[in-house]
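The next block holds one structure in the form of structure tokens; read it before the comments.
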Amino acid sequence: VIADAGRAERLRQARSHLRGADPVLARLIDGRPDFDPRAWIARLPAMDLYGALLFQVAGQQLSVAATRHTLARIQALFDGRLPSPTELLAAEPGALREAGLSWRKVSTLRDLAERLSDGRLDTTVLSGLPDDELMAELTAVPGIGPWTAQGALILALGREDVVLPGDLALRRAIQVAYRLDHRPSQQEVLAISEKWRPYRSLATSYLFSAESEPTVIPVAGAKTSIAPDRARHDDRS
């Protein structure tokens with residue numbers, strides 16, 4: 001109960017900060033009084049840092065629906081859960097390919113699993129690193145780009161100040177909410193998100209929810225609904 005009360009207070013403070021920092025987000029927040037930014041994560045399988053990276057790698061260049069389908073088939077190979085690095089290395093690569101992963105994604109996940117198994121990477125050490133240092137460690141693995149690493153920071157570690165400028169769904173949601181006449185570039189997303197610090201993850205969650213349900217995003221003088229993009233991101237590396 002104490003932990004829940006502390007989380008509720010942090011969420012209240014974050015919402016208050018975002019309301020004061022950005023009138024567009026203020027309208028979005030006020031239009032969703034019961035929004036729980038972690039609710040969508042609760043619908044996903046339990047995942048540690050490796051599991052979150054597996055989820056993100058599986059979802060590269062795929063829609064949310066296609067990613068969930070692939071994830072379910074992977075879980076079916078491991079008694080209904082996501083594999084540990086050791087378990088993934090013991091699996092037949094061809095079985096992972098048949099579950100829906102490309103050979104490139106299989107290679108990325110095996111490479112990452114090997115690094116975690118032989119000690120080149122340590123999840124305890126990684127989890128204690130600042131965001132930028134953790135990003136640098138993860139993106140040094142071939143096939144793991146910024147989008148993949150950023151998503152894992154939110155999913156597995158609950159980092160509060162992460163934004164995904166390469167996510168196409170987020171860029172579309174920003175275009176609608178901010179009434180832009182173009183899809184914002186990654187640099188534009190980063191510039192807009194500066195005012196959200198140190199709660200960029202919460203701001204991102206609000207925008208993601210508006211894009212993915214789909215539902216209505218409140219904007220000045222208009223209401224516009226948007227549908228999910230076919231592929232939400234492009235994280236080639």
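A few notes on this one:
- Selection from the stretch 108-141 of residues that are closer than 18 Å to LEU89 by Cα and open to solvent by less than 20 Å² (accessible area, probe 1.4 Å): THR108, LEU109, LEU112, ALA113, LEU121, VAL141
- Taking the stretch 114-188 as the region of interest, the helices (runs of 4 or more DSSP H) fully inside it that hold 3 or more residues being outside the structural domain of LEU207 (by the TED database) are 123-127, 131-139, 146-157.
- Restricting attention to the stretch 20-53, the residues that are among the small types (Gly, Ala, Ser) and open to solvent by 20 Å² or more (accessible area, probe 1.4 Å) total 6.
- Of all residues making up the stretch 54-93, the number that are in a loop (DSSP other than H, G, I, E, B), open to solvent by 60 Å² or more (accessible area, probe 1.4 Å) and aliphatic (A, V, I, L, M): 0
- Those residues of the stretch 1-27 which are part of a loop (DSSP other than H, G, I, E, B) and touching a residue at least 40 places away in the same chain (Cβ under 8 Å), in sequence order: ASP22
- Of the listed requirements (1) charged (D, E, K, R); (2) open to solvent by 30 Å² or more (accessible area, probe 1.4 Å); (3) at pLDDT 95 or above, LYS105 misses just one: (2).
- For the stretch 28-48, the set of residues classified as outside any loop (DSSP other than H, G, I, E, B) and within 12 Å of the chain's Cα centre (by Cα) consists of TRP40, ILE41, listed by residue number.
The values are calculated or read from the model by the stated rules, or taken from the named source; none is laboratory data. Since this is a predicted model, take the numbers as computed values, not measurements. Virtual Cβ from ideal backbone geometry, glycine too; neighbours counted across all protein chains shown. Calculation scope for accessible area: heavy atoms of the full protein, side chains included, ligands and nucleic acids excluded. Shrake-Rupley method; radii C 1.70, N 1.55, O 1.52, S 1.80 Å.
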